[in-house]
Each structure stands twice: as structure tokens, then as C-alpha cells.
Amino acid sequence: MTYTYKHLKDIITGTTATDVILRKEDNACVPIDEKNKDYQEYLAWVAEGNTAEAAD
Amino acid sequence: MSKIRLHGTSSGYTEIAPVAASGNNTLTLPNDGTIISKDSNGAVGVTSVVTTTATITTAKVGAAVTISESGIEASGIGITCANINGAQIGGRRNIVINGAMQVAQRATSATGKNSTGYYCTDRFRLVDYNIGTFTLAQQTSAPTGFNKSLRLDCTTADTSIAAADYLSIDQAIEGFDLQQLDYGLSSAKTITISFYVKSTTTGTYTLEIYMNNGDYFNSKTYTISSANTWERKIITFVGNTSNGITNDNTRGLTCNFWLSNGSNFEGGTFSDGTWHNTTNRRVHSSQVNIASSTDNDWSITGVQLEVGSQATAFEQRSFNEEIVLCQRYYEKSYNHGDVPGTNTSNGSVMFLSNRNSGTPHTMLRYATRKRAAPTLVAYATGAADTTGMKNLDANTVYSNYIMNRNGEMGCTAYPDATPVIGQFIQFHYTADAEL
């Protein structure tokens, strides 16, 4: 499956969260952690020229 | 002279006579002290014996130790030795987690799988790039001493394997857990991998270990001799004296059971126990293609990786020990037997809307320390396969939620909503920190 991504708003602070990104197809919260395999996949996706949607 | 008779002070004599022999025999006695004596009970004592070969039916050492064909019995005393089989004596030997396939948190059966992922028994990953489609199942068929195994069943065959395609089942081991191997040093340890395997398809298979630091590979073959019969395989790999394993929480060594491959992975001189970093040496040219027919399946259990050149008996761990080890890489709030997405409230997280103005939130604490910050999915209760969080009082599912401030031990979780204060929010979660 090819995933797509979206930034999330940290509702507590009211700003775009810098420690998590949403993987849209399964509604997963992927941490911004280079040792997390899903974040590594996200980085590879970005490296292919893709960009995550902005937060609402 | 055929005999010597020694006469004492009374009647009778002691006779020394040779056995029948065609060649020469030599009896050399020391030249000092009492060598052989007999006490009043008739027991013969010998001061010292050095022998090349002695055949003894039963040997007793003091009152506690008896050595016989049946074994060594040591009653009420300790045994001191440096090692057994060149490796650690006891305690925890198996570096592989969930080798007996007891734990299956994600599912006990997963159908239609044709891409890489963790689908069934914990820590064992299907690695599939463009070869066939499979059902993975935790099954009860197992050899004596086990009651679970992992089965890979081909449901869509593939006999046109492209050069870059590959198929295997693997388990990655964290660098933190491998420092005892001394890789990168002259003292690098030999390891032994043992496992039970059964398949419809007899023939040659490749077992590979590879180091993720620099992609160093080492492969050997094993043969499945009888179809549909559990067979135990034991394979030993020498240590890598040239390249070390980073002492961290990333992939250190991966144990890779090849099940099919494209031509890119063979054709060179097969590794056959030699460390290398060449792709076309990784798989034996006779490797079975388990995807060649939908009649094919392959099952495995009792996987053990231990230090030393001998395979010891499989180290049976309790279910709880095993699931805690698995939870470093994946945990869920559901009962073990409930697949994530099951419509149940058992084990769910529940908290009261706790902010008068703004978003209510809670702090999750994980069951055990995660390898790294995990990927998180929340599932609403009251419905099946629905991600989100449930407001029990308003009977509403919030499909948008955030789980952040995420570390090895916990995270903050909250719906993207502002429910009335005092309302119950309920959800399940999965936390995935797999390698």
C-alpha cells in the first residue's frame, strides 16, 4: 500500500504539531523519530518529491 | 617363561601370568613406594593411574557422584565448570523472541498478503517483494514439545519471478541484544540457529543472517527431506571478526528464511558460511520457490539463535515472558485474542472529559518500554474496525484524534473535539515500534 500523509494540529497548543504526522490511509499517528520504521517510510516518501498535506 | 609365582611365608602363592597375545606386552612398575595394595576388606588401591583407554561400567567418586552409561548423577553437590558446549551454561540462551510462535497480537490469521509487513505471530515478518500472495496463520500443528507454529500458505502462485523479487520470513534483532557476539573483534562468537520446519515442498532452502550495519551477509542451506513432516534443522555460523554491530536500538542482525528469489540474489559463488557483501551470493541456486503453486505451504517453529557451535534444547519461556518481550516492539490494549479493531470495550482506555474549555486529553503509559517512539492507532469502541475515539455519553465517534508527546514509555492522547466536561471518552490503541 502506498501511504499519504498530513500534518496535525496540536490542539493543546494550537500550533502544527512538530512531533507527529498523520498517515492518512490507516489514521495512524507516526512519531517524528528517525528510529521509527514508519517515519523512515515517510522520509522516503518525501525524498521521492511528495509533500504532506497541511494541518487543518 | 610363561608365569611367575611368588610364594609367601605360608601356603599359597601369587601368580603373574600373561594373557594370550601374539605380540609383545610390557608391564613397567615404578621404582619407588607402594603402588598397589589391598586392604583388609579386599579393596585394591592404586596410588596413581594413567591410562590411554579405560572401559568402566560404573565409576563412583566418593558417595555423591556416579558415572555410568545412563549419565552422570551428582547428588547434593554442586558442579563447577567454565561452559557447556562452548557457550553459556544455562539461563537465557535464545536471542530470538517468540521462537515458539506463542504470541500473535496482530492476528492469528491474515489473508491476502503480498507485501512486506508484520501480520501474524509477533516479531516474525513477511518480506515480500512482488512474489505471490499468502495467508499467514498461527496454527496448532507443531512438533513434540510445541503447540504453535507459523504457516505461510501460498494462495496466488508466481512462477515468473523477476530478477529483483524476493520472498522470506525474517526476524530482526536489536543491536543492544547482540553485543555478546563480539562481532568486529577477533573473539567474534560462533552462533547456532536451530528450528523446526515443515513444508509441502521438499528441496533446498537458504537460511541467511545479515548485518544491517554495512549489509554483510552469511548464508547456508538446509534441506527439507520429507514433505509435510516436521524436521529439526541446525545451522552454525561463524562470527564476523571484521565488522561490528552498533550497540543501539536499531537492526543489528536479521535471521532470514528465504522462500523464493529473483536472479539478482544468486549466480555468484554461494556464501555457504562465508561473510560477504555481494547480493548475488546470498541465495543458493537451488532455492525452492514456495510460490510456485497454491498447493504449497511452509511452516516453522522452535526458532532458537544461541551463542556457541552446539544447538541446545529449545529454551521454553512462559507465555507472559514472551509477550512482554514482544511488547517492546508492539502492544495493544485489547486482550491477546482480540484482533485490533474488534468491537469490545474490554481493556480499553477510558477517561473523563477534563477541560472546561478546550480538548480533553489523557496520558497513555505503555506496558513496557518501547524500542523507540511507536506508531499509534486509536480505535473507537462500539463499532468494529473504526479508528478514532468514542464519546460514550454523546454516543459520538471522533474520527480525528492526535497521539503525540510520544516517547518510549507513553504519549498524550486526545480527540480533535471539545466535548462537554465530564463526558466519558473511550478507545483502544495499538503501539508499533517494530524494527
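The values are calculated or read from the model by the stated rules, or taken from the named source; none is laboratory data. From a predicted model like this one, the values you see are computed outputs, not experimental measurements. As a convention, Cβ positions derive from the backbone with ideal geometry for all residues, glycine included, and neighbour counts pool all protein chains shown. We work out accessible area using only protein heavy atoms, side chains counted, and drop any ligands, DNA or RNA first. Shrake-Rupley method; radii C 1.70, N 1.55, O 1.52, S 1.80 Å.
Give me a count of the residues in the range B:317-341 that are within 20 Å of B:TYR379 (Cβ to Cβ) and assigned to a loop (DSSP other than H, G, I, E, B). Please lay out each step first, then the result.
Taking the range B:317-341 first, the residues within 20 Å of B:TYR379 (Cβ to Cβ) are B:323, B:326-327, B:329-341.
The next check asks that each one be assigned to a loop (DSSP other than H, G, I, E, B); those that pass are B:329, B:333-341.
Selection size over the range B:317-341: 10.
Hey, among B:GLY347, B:GLY422, which residue is modelled with pLDDT under 95, away from chain A (no Cβ under 14 Å) and either more than 21 Å from A:ILE21 (Cα to Cα) or surrounded by 23 or more Cβ atoms within 10 Å (Cβ to Cβ) (or both)?
Working: B:GLY347 fails: modelled with pLDDT under 95.
After ruling out the rest, the residue left standing is B:GLY422.
Rundown of residues vs (1) away from every other protein chain (no Cβ under 11 Å); (2) open to solvent by 10 Å² or more (accessible area, probe 1.4 Å), yes/no style:
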residue: B:PRO360; (1), (2): no, no
residue: B:ARG365; (1), (2): yes, yes
residue: B:ALA372; (1), (2): no, no
residue: B:VAL377; (1), (2): no, yes
residue: B:ALA380; (1), (2): no, no
residue: B:ASN391; (1), (2): yes, no
residue: B:HIS428; (1), (2): yes, no
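Results for (1) of a type outside the set (A, V, I, L, M); (2) out of contact with any helix residue (DSSP H, G or I) (no Cβ under 9 Å at 6 or more places or on another chain); (3) open to solvent by 20 Å² or more (accessible area, probe 1.4 Å); (4) touching a residue at least 60 places away in the same chain (Cβ under 8 Å), shown as yes or no for each residue.
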position: B:THR274; (1), (2), (3), (4): yes, no, yes, no
position: B:THR294; (1), (2), (3), (4): yes, yes, yes, yes
position: B:GLY302; (1), (2), (3), (4): yes, yes, no, yes
position: B:GLU306; (1), (2), (3), (4): yes, yes, no, yes
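Here's the yes/no breakdown for (1) more than 23 Å from B:THR116 (Cα to Cα); (2) touching a Ser or Thr at 6+ places or on another chain (Cβ under 6 Å); (3) among the β-branched types (Val, Ile, Thr); (4) surrounded by fewer than 20 Cβ atoms within 10 Å (Cβ to Cβ):
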site	(1), (2), (3), (4)
B:ILE209	no, no, yes, no
B:TYR216	no, no, no, yes
B:SER226	yes, no, no, yes
B:THR229	yes, no, yes, yes
B:ASN247	yes, no, no, yes
B:TRP258	no, yes, no, no
B:ASN277	no, no, no, yes
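Can you work out which of the residues in the range B:401-417 that are facing chain A (nearest Cβ under 8 Å) and open to solvent by 50 Å² or more (accessible area, probe 1.4 Å) is modelled with the lowest pLDDT?
Checked the range B:401-417; the qualifying residue modelled with the lowest pLDDT is B:ASP416.
Would you confirm whether or not the range A:11-24 contains a residue that is surrounded by fewer than 16 Cβ atoms within 10 Å (Cβ to Cβ), under 19 Å from B:SER115 (Cβ atoms) and of a type outside the set (Lys, Arg)? First the steps, then the outcome.
Here is the first cut: in the range A:11-24, the residues surrounded by fewer than 16 Cβ atoms within 10 Å (Cβ to Cβ) are A:13-16, A:18, A:24.
From the residues that got through so far, the ones that are under 19 Å from B:SER115 (Cβ atoms) too are A:24.
From what is left, the residues that are of a type outside the set (Lys, Arg) are none.
Looking for residues that are surrounded by fewer than 16 Cβ atoms within 10 Å (Cβ to Cβ), under 19 Å from B:SER115 (Cβ atoms) and of a type outside the set (Lys, Arg), one finds none in the range A:11-24, hence no.
Table: residues versus (1) open to solvent by 60 Å² or more (accessible area, probe 1.4 Å); (2) farther than 26 Å from B:ASP385 by Cβ.
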site	(1), (2)
B:GLN102	no, no
B:ASP128	no, no
B:ILE131	no, yes
B:ARG151	yes, no
B:CYS154	no, yes
B:SER160	yes, yes
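Please work out which one of (1) modelled with pLDDT of 80 or more; (2) open to solvent by less than 100 Å² (accessible area, probe 1.4 Å) is the condition B:THR57 fails and give its number.
That leaves (2) as the condition not met.
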